[in-house]
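Report on the following structure.
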Amino acid sequence: MKNASLVMKKELARVFKDKRMIFSMFILPALIMLVIFNLVGMMVDGMSKDVEEHVSTVYIQNATENAKNVIAASGYDKVATVSYVGEGMGTIDKIKEDILNGDTDLLVVFDTDFDEVYKAYTKSGDAIPNISLYYNSTTNYGNAAVSTFNAMVVDPLRTGLQSERIGNLEQLTVFNISETIIANEDKKNGQFLSMMLPYMIVMMLFASAMSLCVDAVAGEKERGTLATLLLSPIKRSEIAFGKLAGLSILASISAVVYAISSIFSMGSMSKSIMGVADDAGDMGKLSFSAWQVIGLVLIMITLVYLFVAITSLLSILAKDIKQASSLISPLYIVVILLGMITMFTTGKTPADFMYAIPVYGSALAIQGIAVNALEPLQLIFSICGNVVCAAIVTFGIKKAFDSEKVMFNA
Amino acid sequence: MIEVQDLTKVYKLSKSKMAQLKTNSNIKRAADGISFTAKPGEIYGLLGPNGAGKTTTLRCIATLLTPTDGHVAVCGHDTVKEGEQVRESLGFLTNEIKLDPFFTPKYLFEFFGHAHGMTDSEIAARKADLFGRFGITAFEDKKIESLSTGMKQKAAIVVSLVHNPQVVIFDEPTSGLDVITAKSVLDLLKSLRDEGKTIIISTHIMSEAEKLCDRIGVIIDGHKVAEGTVPEIVEKTGAADLEDAFFVLYRDNHKEEEYNPQKAFGGARK
């Protein structure tokens, strides 16, 4: 295996002796990740701030005295520019046109006889007065205006009228609900990460393997440099193993760079767009145990080797880089789907044997690691699934290296 | 020493390949019972038109291809059973087999030296000799991709000779080279012969074969149709020179199509 190590070093030297390769493989992806995630975060932040600072323009037609009192009491007229309009369809049509154009955010129309109908109600089946809300749901301002109006005016108005009619609102309260969240702290904190991490790791490992192997194998074949290597006394199996080992190391480094830059970027972004994540867990509080880290590393090592082996095999079978890319692209989509499936799993833990399914089992295991719920047997199944599959593919690579038809299109 | 006995290499053709070659048979006999021996201190030339089977024969000798039938031995080692030993004693150079463009001549020279089991001091001594001889020292740290065609060819030659092989095989050694670089390659082959190496070249350039080769084997349609020194072949065919002799042999042995030198030589008659 001395010669395999020689070939491996050559693969590593090809990248590490070239500043451009180091930049394009390790530095540029990290920078792109940081820029993209932070740009998205800044844009979402800016959008939320803009909506918060925007003063809604609201028109209210036929407002009742009760409604006016609620608006004054809740301070709604301080957060929105409220204009009261009387009857006249011409005015209303103009306001609706303004809503469509985005110049007005909300139109509220009370029935003309709102108070009379409300007071005339005595039994079931009697008429109920109506409040109509008009807004443009495709604009953030429109949605925010409706939401604020409901919270500050409609709900208090409804409660006030109900209280007036019944006398004692407590009569309507048949029970109270108290919520206490009981959750494993690790699981709670890792919930968001468990959704994203399997997909991210699987996708990044495959992308790294794909970008490297296509050129290092199909590219070498196309350029005629692989044949030069075959003319040396190095055994073909040693060439295959050396290449796979070198490419696996490079793909792992590349994937780790991707993963670290993504997690850092997501951490900084979570403050803005991950309001959901704040409920599900706080990424800042995440801490991995040694067991979780070892499990994750083992899965990533076996997974990256599997991906390198698969993409190398397809690259060897291809005649040139173009054909290799077209062979690998559909597989990339399948791998991404396998990584994504775990995003939609229910609370039910999958059967242990599912962890032995290559790629999918790894995604499940990574998900389990993120919430600290992975059993040792599941980890072993996941690693073995990858190793067995990688061994089969490696055997295929060795056979392909021995095949004249494959190597020389003979 | 290279011994080739009844070398046969048969390819199974795909339908697209059959259409490309305009044949109804799904079998192509690229080499059909070829036998010859190349001795130390001799340049043996394989002469033939494009597609005659020269490259296939050389690739079988270099262990890149496995013969369908027959026996090939390099320095007494069987190419099928003792591939590694064969490659240890062999230097192979062809235009189709190239150096990795991302590395420097120095790195590749050292890499292949180590691949041949040489020590650092052996590599350094060999490097001083070959790099100085071919004037590579000036660009030894430049990447192959940035070198001119002549520089690349020189780098490829020294890399193929790093382990001081007993047998040297050059497939179309001057193809695509300018006159000056081609001359330096031919001079190298002569000096290697003088050192007692066994050399085989393949070519379809008659003048090159005439000047360089001690003996020639003419291959047409996978068969060896003539062998001997240039004067012997010329005399046997009753021709005026090697070029005429070759056309006579081609006309007499190429059965499938009408004799058409323009087609047979791809328009590159030299």
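Could you tell me whether A:M43 is away from every other protein chain (no Cβ under 14 Å) and part of a helix (DSSP H, G or I)? Walk me through how you get there before you give the answer.
Values: away from every other protein chain (no Cβ under 14 Å): yes; part of a helix (DSSP H, G or I): yes.
Here the answer is yes, as A:M43 does meet what is asked.
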Being within 12 Å of chain A (Cβ to nearest Cβ), part of a helix (DSSP H, G or I) and more than 16 Å from A:P233 (Cβ to Cβ) narrows it down to one of B:K106, B:K127, so name that one. B:K106
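Output the residues belonging to region A:296-309 that are open to solvent by less than 40 Å² (accessible area, probe 1.4 Å) and under 30 Å from A:A227 (Cβ atoms). Lay out the reasoning, then the answer.
Of the residues in region A:296-309, the ones open to solvent by less than 40 Å² (accessible area, probe 1.4 Å) are A:296, A:299-300, A:302-304, A:306-309.
A:V304, A:L306, A:F307, A:V308, A:A309 - these are the residues of region A:296-309 that are open to solvent by less than 40 Å² (accessible area, probe 1.4 Å) and under 30 Å from A:A227 (Cβ atoms).
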For region B:199-249 the number of residues that are in contact with a helix residue (DSSP H, G or I) (Cβ under 6 Å, 6 or more places away or on another chain) and small (G, A, S) is 4
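Would you call B:K54 more than 13 Å from chain A (Cβ to nearest Cβ), touching a Leu at 6+ places or on another chain (Cβ under 6 Å), closer than 25 Å to B:T174 by Cα and touching a residue at least 12 places away in the same chain (Cβ under 8 Å)? Give the steps one after another, and end with the answer.
Values: more than 13 Å from chain A (Cβ to nearest Cβ): yes; touching a Leu at 6+ places or on another chain (Cβ under 6 Å): yes; closer than 25 Å to B:T174 by Cα: yes; touching a residue at least 12 places away in the same chain (Cβ under 8 Å): yes.
So B:K54 fits the description; yes.
Just to be sure I understand, how many residues within region A:205-221 are open to solvent by 10 Å² or more (accessible area, probe 1.4 Å) and either hydrophobic (A, V, I, L, M, F, W, C) or more than 10 Å from chain B (Cβ to nearest Cβ) (or both)?
Kept after step one, since they are open to solvent by 10 Å² or more (accessible area, probe 1.4 Å), are these residues of region A:205-221: A:207, A:210-212, A:214-215, A:221.
Still in the running and either hydrophobic (A, V, I, L, M, F, W, C) or more than 10 Å from chain B (Cβ to nearest Cβ) (or both): A:207, A:210-212, A:214, A:221.
Residues flagged as open to solvent by 10 Å² or more (accessible area, probe 1.4 Å) and either hydrophobic (A, V, I, L, M, F, W, C) or more than 10 Å from chain B (Cβ to nearest Cβ) (or both) within region A:205-221 amount to 6.
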Number of the condition not met by B:G132 [criteria: (1) of a type outside the set (D, E, K, R); (2) open to solvent by 40 Å² or more (accessible area, probe 1.4 Å); (3) at the interface with chain A (Cβ under 10 Å from one of its Cβ atoms)]: (3)
Can you pull out every residue in region B:82-97 that is facing another protein chain (nearest Cβ under 8 Å) and assigned to a loop (DSSP other than H, G, I, E, B)? B:E96, B:I97
Restricting to region B:114-124, and then to whatever is under 19 Å from A:A227 (Cα atoms) and open to solvent by less than 50 Å² (accessible area, probe 1.4 Å), can you tell me which residue is farthest from the other protein chains (Cβ to nearest Cβ)? B:H116
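What about B:S146, is it open to solvent by 50 Å² or more (accessible area, probe 1.4 Å) and of a type in the set (S, T, Y)?
yes
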Output the residues belonging to region B:203-216 that are in a strand (DSSP E or B) and at pLDDT below 90. B:T203
Kindly list the number of the only condition in (1) touching a residue at least 24 places away in the same chain (Cβ under 8 Å); (2) within 14 Å of chain A (Cβ to nearest Cβ); (3) open to solvent by less than 20 Å² (accessible area, probe 1.4 Å) that fails for B:L46. (2)
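With open to solvent by 30 Å² or more (accessible area, probe 1.4 Å) and within 25 Å of A:S289 (Cβ to Cβ) as the only criterion, which of A:D352, A:D320 stands out? Before you say what the answer is, go through the steps one by one.
Numbers: A:D320 fails: within 25 Å of A:S289 (Cβ to Cβ).
Checking each option against the conditions leaves just A:D352.
To keep it simple, each residue is scored yes or no on (1) among the charged types (D, E, K, R); (2) more than 21 Å from B:S202 (Cα to Cα).
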site	(1), (2)
B:A52	no, no
B:L64	no, no
B:Q85	no, yes
B:L90	no, no
B:I97	no, no
B:K106	yes, yes
B:M118	no, yes
B:A124	no, yes
What tally of residues in region A:228-258 results from selecting those that are within 14 Å of chain B (Cβ to nearest Cβ), open to solvent by less than 10 Å² (accessible area, probe 1.4 Å), within 30 Å of B:A62 (Cβ to Cβ) and of a type in the set (A, V, I, L, M, F, W, C)? 4
Among the residues of region B:154-176 satisfying the criterion of being open to solvent by 20 Å² or more (accessible area, probe 1.4 Å) and not charged (D, E, K, R), which is nearest to B:E208 (Cα to Cα)? B:S175
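Could you tell me whether region A:72-84 includes any residue that is touching a Phe, Trp or Tyr at 6+ places or on another chain (Cβ under 6 Å) and surrounded by fewer than 16 Cβ atoms within 10 Å (Cβ to Cβ)?
yes
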Looking at B:G196 and the list (1) within 18 Å of the chain's Cα centre (by Cα); (2) closer than 23 Å to B:N95 by Cβ, which single condition is not satisfied? (2)
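So that you can scan it fast, the table gives a plain yes or no per residue for (1) free of Cβ contacts under 8 Å to residues at least 24 places away in the same chain; (2) open to solvent by less than 10 Å² (accessible area, probe 1.4 Å); (3) in contact with a His (Cβ under 8 Å, 6 or more places away or on another chain):
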| site | (1), (2), (3) |
| --- | --- |
| B:V179 | yes, no, no |
| B:V185 | no, yes, no |
| B:L189 | no, yes, no |
| B:G196 | no, no, no |
| B:I201 | no, yes, no |
| B:K211 | no, no, no |
| B:D214 | no, no, no |
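Residues that are at pLDDT 90 or above and not small (G, A, S): which helices (runs of 4 or more DSSP H) entirely in region A:320-410 hold 3 or more of them? Show your work before the answer.
Working: elements: A:321-341, A:360-370, A:376-402, A:404-408.
Correct list: A:321-341, A:376-402.
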Scanning region A:95-138 residue by residue, those in a helix (DSSP H, G or I) and within 19 Å of A:R158 (Cβ to Cβ) turn out to be A:F114, A:D115, A:E116, A:V117, A:Y118, A:K119, A:A120
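Pick out the one residue from B:T68, B:T79 that is within 14 Å of chain A (Cβ to nearest Cβ), open to solvent by 70 Å² or more (accessible area, probe 1.4 Å), over 15 Å from the mean Cα position of the chain (by Cα) and polar (S, T, N, Q). Full working, then the answer.
Numbers: B:T79 fails: open to solvent by 70 Å² or more (accessible area, probe 1.4 Å).
Checking each option against the conditions leaves just B:T68.
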Checking B:P173, B:P165 in turn, the sole residue that is part of a loop (DSSP other than H, G, I, E, B) and at pLDDT below 85 turns out to be B:P173
Any chance region A:93-113 includes a residue that's acidic (D, E), touching a Ser or Thr at 6+ places or on another chain (Cβ under 8 Å) and open to solvent by 40 Å² or more (accessible area, probe 1.4 Å)? yes
Would it be correct to say that B:F111 is more than 13 Å from every other protein chain (Cβ to nearest Cβ) and either crowded, with 18+ Cβ neighbours inside 10 Å or within 19 Å of the chain's Cα centre (by Cα) (or both)? no
Hey, A:M21 in contact with a Gly (Cβ under 6 Å, 6 or more places away or on another chain), within 14 Å of chain B (Cβ to nearest Cβ) and open to solvent by 40 Å² or more (accessible area, probe 1.4 Å) or not: no
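The values are calculated or read from the model by the stated rules, or taken from the named source; none is laboratory data. These figures come from a predicted structure and were not determined experimentally. No Cβ is skipped: glycine too gets one built from the backbone with ideal geometry, and neighbour counts run over all protein chains shown. We work out accessible area using only protein heavy atoms, side chains counted, and drop any ligands, DNA or RNA first. Shrake-Rupley method; radii C 1.70, N 1.55, O 1.52, S 1.80 Å.
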